[in-house]
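Undergrad: I'd like to ask some things about the structure below.
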Amino acid sequence: MKIACYPGTFDPLTIGHVDVAYRARKIFDQVIILLAENSNKRSHFFTFEERIEIAREVFPEEDGFLVSSTKGLVVQKAKELGAIALIRGLRAVTDYEAEYQMHEVNEYIEPSIDMIYLMSHRVQAFVSSSNIKEMFLQGADISGLVPPAVLEAMKKKKIQNS
């Protein structure tokens, strides 16, 4: 069985993330959505536990997905889970530069794990979790940019924090 991990903070999950995950699923027998706690990111819209719960709703096991999490190094967790590759989405040249650095780090730590990059579709190139959060908090309609489960969770969270 060919297994890949698709790591990210996914705060929040976007249609771009979902698109990359399902395209990766065409290549691999199983894609593990690997929620990572990123200590470099200071503020989160959702808690780590909320992001895991939302990912489980968006990516059903019967579609060949598994949701897991790590607070450690992603590449080490991927190896522990039996993955042969890490999936990453690329939107623009700026993504490439950051991903290239991460590729080098991951290859140094665990050379047996390959990196697979999938380009976003043109219409999703501007979609980022940061943009989604800002648009949502400013009252813009993000319904076409996030899965329905994410939109509902964001609305609920906004009401709770009001």
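Undergrad: Please find, among 149, 140, the residue that is in a loop (DSSP other than H, G, I, E, B) and open to solvent by less than 80 Å² (accessible area, probe 1.4 Å).
TA: Exactly one of 149, 140 is in a loop (DSSP other than H, G, I, E, B) and open to solvent by less than 80 Å² (accessible area, probe 1.4 Å), namely 140.
Undergrad: Within segment 60-78, is even one residue among the charged types (D, E, K, R) and either under 26 Å from residue 126 (Cα atoms) or buried (at least 18 other Cβ atoms within 10 Å of the Cβ) (or both)?
TA: Looking for residues that are among the charged types (D, E, K, R) and either under 26 Å from residue 126 (Cα atoms) or buried (at least 18 other Cβ atoms within 10 Å of the Cβ) (or both), one finds at least one in segment 60-78, hence yes.
Undergrad: Restricted to segment 112-129, and to residues that are assigned to a strand (DSSP E or B) and open to solvent by 60 Å² or more (accessible area, probe 1.4 Å), which residue is nearest to residue 91 (Cα to Cα)?
TA: Residue satisfying both the conditions and the ranking: 119.
Undergrad: Between 132, 84, 109, which is over 24 Å from residue 154 (Cβ atoms) and surrounded by 15 or more Cβ atoms within 10 Å (Cβ to Cβ)?
TA: Only one candidate passes the filter, namely 84.
Undergrad: I would also like to ask the following. I need the full set of residues from segment 31-47 which are open to solvent by less than 40 Å² (accessible area, probe 1.4 Å) and touching a strand residue (DSSP E or B) at 6+ places or on another chain (Cβ under 8 Å), in order please.
TA: Within segment 31-47, 31, 32, 33, 34, 35, 36 meet the criteria.
Undergrad: Residue 20 passes all but one of (1) open to solvent by 20 Å² or more (accessible area, probe 1.4 Å); (2) in contact (Cβ under 8 Å) with a residue 40 or more places away in the chain; which number fails?
TA: (1)
Undergrad: Kindly indicate which of 99, 110, 80, 104 is in contact (Cβ under 8 Å) with a residue 24 or more places away in the chain, closer than 20 Å to residue 36 by Cα and of a type outside the set (S, T, N, Q). Talk me through it step by step, then tell me what you get.
TA: Details: 99 fails: in contact (Cβ under 8 Å) with a residue 24 or more places away in the chain; 80 fails: in contact (Cβ under 8 Å) with a residue 24 or more places away in the chain; 104 fails: in contact (Cβ under 8 Å) with a residue 24 or more places away in the chain.
Criteria check complete, one pass: 110.
Undergrad: Name every residue in segment 98-124 that is among the small types (Gly, Ala, Ser) and at pLDDT below 90, in order of residue number.
TA: 98, 120
Undergrad: Right, next: Is it fair to say residue 93 is free of Cβ contacts under 8 Å to residues at least 40 places away in the same chain and closer than 15 Å to residue 3 by Cβ?
TA: no
The values are calculated or read from the model by the stated rules, or taken from the named source; none is laboratory data. For clarity, every value in this text was computed on a predicted model and none was experimentally measured. Methodologically, a virtual Cβ is constructed for each residue, glycine included, from the backbone with ideal geometry; neighbour enumeration extends over all protein chains shown. Note: areas computed on protein heavy atoms with side chains; ligands, DNA, RNA excluded. Shrake-Rupley method; radii C 1.70, N 1.55, O 1.52, S 1.80 Å.
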